[in-house]
Every structure is written in C-alpha cells, then in structure tokens.
Amino acid sequence: MADGVLRVDGGFPLNGEIAVRGAKNFVSKAMVAALLTSETSVLRNVPLIRDVDVVSELLRLHGADVEFDQDAGTIVITPGRLHLPDPNEVMMLAGSSRIPILFSSPLLHTLGEAFIPDLGGCHIGSRPVDFHLKVLEDMGARREPQEFGLHLSAPGGLQAKKVELPYPSVGATEQTLLAAVRAQGITELKGAAIEPEIMDLIAVLQKMGALINVDTDRTIHIEGVAKLHGFTHTSLPDRIEAGSWACAALATHGDVYVRGADQQSMMSFLNVFRKVGGEFEVFDDGIRFWHPGGDLKSMPIETGVHPGFMTDWQQPMVVALTQAHGVSIVHETVYENRFGFTKALNQMGAHIQVYRECLGSKQCRFGLRNFYHSAVIQGPTELTGAEIEVPDLRGGFSHLIAALSAHGTSVVSGVNIINRGYEHFMKKLLALGAHVEKVS
C-alpha cells in the first residue's frame, strides 16, 4: 500500500479558517535563482512542503548553505563554493521533483557545467525537457549522455539568442529567464508563459540586477548582465492551494476563510466559483469561500495558460461539479492525462465520462492525439465512501475533497504525496472540523 493512509468520515461541512503561504510553483524556482550569485538571498513566506525540502537538499548537495526558519517561513541561501555532486545523490532526490533541470542555467553560468537527472514528478502528462535543452543548446551548451541523465557544458559561456516557444510552457520560460539574465547579449523570448509565478520570478531577478522587459504579446526581452547580487523577497501566495480549499468548502456545503488568498491572481477561478453557485468575499488579508445553499449550477470549463482557468484548479472543481444540476463539460488543454482521478469519483457514485474529442470552444493540441482530455459530468450525484488510491498531487487533494463530501467512510491511501504542495494539510483539515484519522 502507498505511503500514508487516511480514514475519512464524510458528509460534514468544512467550517473555519486556514492560511496559505507562498506558492509552490514560485518558491522552488526563486530558491534556484539564488545560485545565480555568490551573495546571500532571503526568501520569505515559504511553505513547509516536501518540494521545498527537496530543493533545499539539492542546494546543499551543490555546496550552498541553506537555513530554513519553518515557523517564520524564511529561507536564507548562501551559495558559497558550488560544485557538481555525485549524480547518484542527485538521483535520490530527483525522483520526487522535476525542479533539478532548472539548476542547469545557474550552474552553467557559475561552473560551466551541469547535470540533468532523469525527471520524476506527477504522472499527469508529458512534461518534455526538449524545450529546456533546445534553449540551452541554442545558447551554446553542449550535452552528453551520462548514466542516470545528461551532462551539460558551456566552456564559452551562454550567448543570447532569439527564442520562440511553440507553447507557453512555464518550465521553458523559467529556464530561458535563468539562462538569459547572465548570457552575453539580449535574448528575445516569444510565446512566453506569463503566470503570476513567472512574474514574481522576474521581480526576483530584477531585484538581483537583471534587465527584463515584458511586452503585452507574451514577448520578454532579457539583457544579459555580467554579475547579479542577492535578493530579499516575499513570495506571492499559493493560488492553487487557495482554490483547492475553496472547492472543498463548496463541495461539503461549508464556509472557509482562506487567509492569504489573493484576488488578483485568482480572478478566473473566482468567476467560475461564482457561476457554479458558490459565494466569496474578499478581504485585505484573505478570501472567504462558502456554499450559500440551494443548487449548484452546471457549466462548461476550459483550462488554459494564464490568464485562463488554471489546470491545477480543474481537478478540485470537478468534484464540486458532481454536485451541480445538469451537465458540465470540462476541456483540459494544458496536460493530456489529467482525468485519471475521475475513475475513483465514478467508483464513489459520480457520473463522469471522458472523451478524446475537444469538447471546448476550440480544438487544442491534444485533439488529434488520442488522449482522453475532455470530461462530461452529469449531476448531482450522491457520493459514497470508498477505498481510494491517490494518483498524483492535485488529484490526491481532489480525492480528499470527494471523501469529505461523501456519505460514509472512505480510506484514502497514498496521501503523503499531498505534502509536496499542501502545507500542514492534515492540521488544516482538523482545524476545519473534518472527521479524518491517520491510519499509517
């Protein structure tokens, strides 16, 4: 049985207050950016999650000093004398995170070489490293196959190039930014991702001395500089976690105040939340989400890159849609394999059918590639407790929401993966009145 088993007695509304800290999808990247200088950097509002632990250990393996004040949520990073560690040691950590590939650019700038391990992470679809490698090779890096991964070298340094991404990949945008800030010349990046976490990373790099201009057409110009310095920065809040708790409140007919939730980064989510039938109120330090009573409404949802409806909000929202009256259609355009979690929901009584066709307003890149990337949800259906195996990070939290809203008892195994992106999720469940018990 997978690590971590919870017994959940469902059918009770979640009520109360919890807090979210820094965004998982930003904090780890800012920690890597600290390697672009030899000076000390300070990152605040850091969550206590597994991904932060992994990146901290990877930094230490490369010779950096990392101090994490968990209560204050502050990390202090001093690169010191960097070096390439034993690939086997890197591999021991790489299986639980895809972040190691982003170490490439800072290490190529500092050491002239880097090692990319075979990548792990959640099995929700292809996250190819082709974009990353092409950017680095176009800028002058050479690659050589090595046991457990690839060895990269850039003896002449990285040179600025024009980069055009075929899709606004967050990872490839991050890699280009980290490579271009110290490359020789001006890099033009077209087709860039512009997620709030990307903009916060740009803010960090600018604090370090980088010269970066962002145009309105997804084009970013980066003028390389010879040297960067340390930064002090407070992370933006985690909009994915905030949306997950909002969906939990909706699905359980609850009322949850999410301290730290930010309206500006969640506007597309808030629109959908309101259309489905949920209510929210924005305060200076957070957002209150609740089910106002009455019927939830079915609706079509299409995920997309920012400023669209975020793919990581899709899975928890699908659980809420199982309780909506009518037929809802969800078209997933970011990851091709993100509906695997619906099998467990159907086992619990949901009526969800997945399709290969694009059931959205437009045909996406998965439409002709035989992927089940659209879902039709018929509701409302009463969910009943079941034995569930967590498939991935976001799907796992969505399974928890389903178990909390179902009648009867569920046994959810594999919940330890949720620690990758949700800080103190067990404590937060108990604080909201959830009837949960850790079995192992």
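Give me Rg/Rg_expected for the stretch 231-386, where Rg uses Cα atoms only and Rg_expected = 2.2 N^0.38 Å with N residues.
1.05
Based solely on its DSSP helices, what 222 nm [θ] is calculated for the chain when runs of n ≥ 4 H residues each add -39,500 (n - 2.57) and the sum is averaged over all residues, nearest 500 deg cm²/dmol?
So the calculated ellipticity at 222 nm is -8500 deg cm²/dmol.
Compare the Cα positions of I352, P316, H373 along the charge dipole of the chain (+1 at Cβ of Lys, Arg; -1 at Cβ of Asp, Glu; about the Cα centre) and return the one farthest towards the positive end.
Value computed over the given set: H373.
Per residue, how much accessible surface does the stretch 1-88 expose to a 1.4 Å probe? Answer in Å², no decimals.
With all protein chains present, the stretch 1-88 gives 39 Å² per residue.
Could you provide, to the nearest whole Å², the per residue accessible area of the stretch 258-330 with probe 1.4 Å?
Averaged over the residues of the stretch 258-330, the accessible area is 39 Å².
Given the pairs K190/K362; K297/K438; K207/K428; K24/K428; K29/K438, which span a C-alpha to C-alpha distance of over 25 angstrom in this model?
K297/K438; K207/K428; K29/K438
Percent of accessible area on the chain owned by carbon and sulfur, 1.4 Å probe?
Accessible surface attributable to carbon and sulfur in the chain totals 49 percent.
Under the rule of at least 5 residues apart or a separate chain, name every residue whose amide H is placed under 5 Å from the amide H of T74.
V46, D69
How much length would be gained if the chain were fully extended between T384 and R142, taking 0.36 nm per residue of separation minus their Cα-Cα distance, in nm to one decimal?
81.6 nm
Given points 7 Å out from each Cα along the Cα-Cβ axis, report the H325 to D284 separation in nanometres with one decimal.
Distance between label points: 4.0 nm.
For the stretch 191-317, what size does the Cα cloud have along each of its three principal axes, sorted from largest down, in whole Å?
Here the spans come out as 60, 29, 20 Å, largest first.
Between the stretch 317-341 and the stretch 1-60, what is the separation of their alpha carbon centroids in Å?
26
For semi-axes √(5λ) of the Cα gyration tensor in Å, one of (i) 59, 24, 21; (ii) 35, 26, 19; (iii) 38, 23, 21 was computed from the structure I shared and the rest are decoys. Which label?
Of the listed options (i) 59, 24, 21; (ii) 35, 26, 19; (iii) 38, 23, 21, (iii) comes from this structure.
Straight-line reach only, C-alpha to C-alpha below 20 angstrom: list the aspartates and glutamates that K162 could link to, leaving out same-chain residues fewer than 8 apart.
Once the sequence-local aspartates and glutamates are set aside, what remains near K162 is D130, E137, D138, E174, E188, D215, D217, E223.
Which one, A64, P155, P106, projects farthest toward the positive side of the charge dipole computed for the stretch 60-213 from Cβ point charges (K/R +1, D/E -1)?
P155
For the stretch 167-253, compute Rh as the Kirkwood radius over C-alpha pairs and then the Stokes-Einstein diffusion coefficient at 20 °C and 1.002 mPa s; write the answer in µm²/s, rounded to an integer.
Result for D is 149 µm²/s.
Under 12 Å from a point 7 Å along the Cα-to-Cβ line of E89: which residues of the stretch 15-57 have their amide N that close?
57
Taking a quarter of the surface of the Cα convex hull of the stretch 63-217, what do you get in nm²?
Here the figure is 10.2 nm², rounded to one decimal.
I need the phi-derived Karplus couplings for the stretch 342-359: 6.51 cos²θ - 1.76 cosθ + 1.60, θ = phi - 60°, integer Hz, Gly and Pro marked x.
My calculation for the stretch 342-359 gives 6, 4, 5, 5, 5, 4, 8, x, 6, 10, 10, 10, 9, 9, 7, 6, 7, 9 Hz in order.
To the nearest 10 degrees, how steep is helix 311-321 against the longest Cα principal axis of the chain, on a 0 to 90 scale?
0
How much FRET efficiency would the formula 1/(1 + (r/R0)^6) give for R218 and S361, where r is the Cβ-Cβ distance and R0 is 22 Å, rounded to 0.05?
Result of the calculation: an efficiency of 0.65.
Might you tell me the accessible area per residue for the stretch 100-241, computed with a 1.4 Å probe and given in Å²?
For the stretch 100-241, the per-residue accessible area is 40 Å².
How large is the charge dipole for the stretch 286-440, taken about the Cα centre, if only the Cβ atoms of Lys, Arg (+1) and Asp, Glu (-1) carry charge, to the nearest 20 debye?
So the dipole magnitude of the stretch 286-440 works out to roughly 280 debye.
Mind checking the dipole of the chain: about its Cα centre, +1 per Lys or Arg Cβ, -1 per Asp or Glu Cβ, Debye to the nearest 20?
Its charge dipole is roughly 620 debye.
The values are calculated or read from the model by the stated rules, or taken from the named source; none is laboratory data. It should be emphasised that the depicted structure is a prediction, and the values quoted were computed from it without experimental measurement. Please note: Cβ atoms are built from the backbone with ideal geometry, for glycine as well, and neighbour counts cover all protein chains shown. In case anyone asks, the SASA skips ligands and DNA or RNA and just uses the protein heavy atoms, side chains included. Shrake-Rupley method; radii C 1.70, N 1.55, O 1.52, S 1.80 Å.
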